[in-house]
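Worksheet for the structure shown next.
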Amino acid sequence: MIKSYRELKVWERAMELVAESYKLTRLLPKTETYGLSSQIQRSAVSIPANIAEGHGREHLGDYLRHLSIASGSLAELETHLIIADRLGLLEKSRIDPVLGLADEVSRMLSGLTRKLKEIPPGT
C-alpha cells in the first residue's frame, strides 16, 4: 500500500522532469525570462504538484481530477518545448531527451489513472 505520494514512481519521474525543464530554461535568452521560460517552469511544476495534491485527497474522484490536471500541464509543457524548438530558442538535441521523459511521465499518468478507475466505488 502506498502511503505517500513520494512513493509514487510517476511523482518521482515528474520531479526529474521539473529539474530537466529548469535546466532548459537557463539556456533560453534573457528576453524569455517572463515569457516562455516562466511558462515552461510553471507547467512543469504543476505536474508533480497535482499528483501530490490528488494523492492527498480523500475521494477517488478528486484524485482522478488532479491527475487529469497533471496530464494537461504535461501537454502544456510539451507544447512550450516544441515552441522553443520551432522558434530556434533551444537546440533540438537538448529538447528531445526532455520530451522523451515527458512521454514516459504521460504513459505513467495514464497507467495510474486506468488503475484507479478499476477500483470499485466505496473501497
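The values are calculated or read from the model by the stated rules, or taken from the named source; none is laboratory data. Since the model is a prediction, treat every value here as computed from it, not as a measurement. Heads up, the Cβs are rebuilt from the backbone with ideal geometry, glycines too, and the neighbour counts pull from every protein chain shown. Calculation scope for accessible area: heavy atoms of the full protein, side chains included, ligands and nucleic acids excluded. Shrake-Rupley method; radii C 1.70, N 1.55, O 1.52, S 1.80 Å.
For the range 17-123, which GluC sites (Glu not before Pro) are both in a DSSP coil and crowded by at most 13 other Cβ atoms within 10 Å?
58, 91, 118
Return a single number: how many Lys pairs in the chain, at a sequence separation of 8 or more or on separate chains, have alpha-carbon atoms below 22 angstrom apart.
Going through the chain pair by pair, I get 7.
Of all accessible surface on the chain at a 1.4 Å probe, what whole percent is carbon and sulfur?
Here carbon and sulfur together make up 54 percent of the probe-accessible area.
What number do you get for the range 52-123 when its Cα radius of gyration is normalised by 2.2 N^0.38 Å, N = residues?
Against the empirical 2.2 N^0.38 Å value, I get 1.38 for the range 52-123.
Could you tell me how many degrees, from 0 to 90 and to the nearest 10, lie between the Cα long axis of helix 60-86 and the main elongation axis, the longest principal axis, of the Cα atoms of the chain?
Between the helix axis and the principal axis of the chain, the angle is about 10 degrees.
How far is helix 36-55 tilted, in degrees, relative to the longest principal axis of the Cα atoms in the chain, given as a value from 0 to 90 rounded to the nearest 10?
10
Once phi is turned into θ = phi - 60°, what whole-Hz ³J(HN,Hα) does the Karplus curve with 6.51, -1.76 and 1.60 give for every residue of the range 18-25, x standing for Gly and Pro?
Per residue, the Karplus-derived 3J(HN,Hα) values read 4, 4, 5, 5, 5, 4, 5, 5 Hz.
Could you tell me how many degrees, from 0 to 90 and to the nearest 10, lie between the Cα long axis of helix 92-117 and the main elongation axis, the longest principal axis, of the Cα atoms of the chain?
Between helix and principal axis, roughly 10 degrees.
From Cα pairs below 8 angstrom and at least 6 apart in sequence, can you work out the relative contact order of the chain, rounded to a whole percent?
Relative CO of the chain lands at 28 percent.
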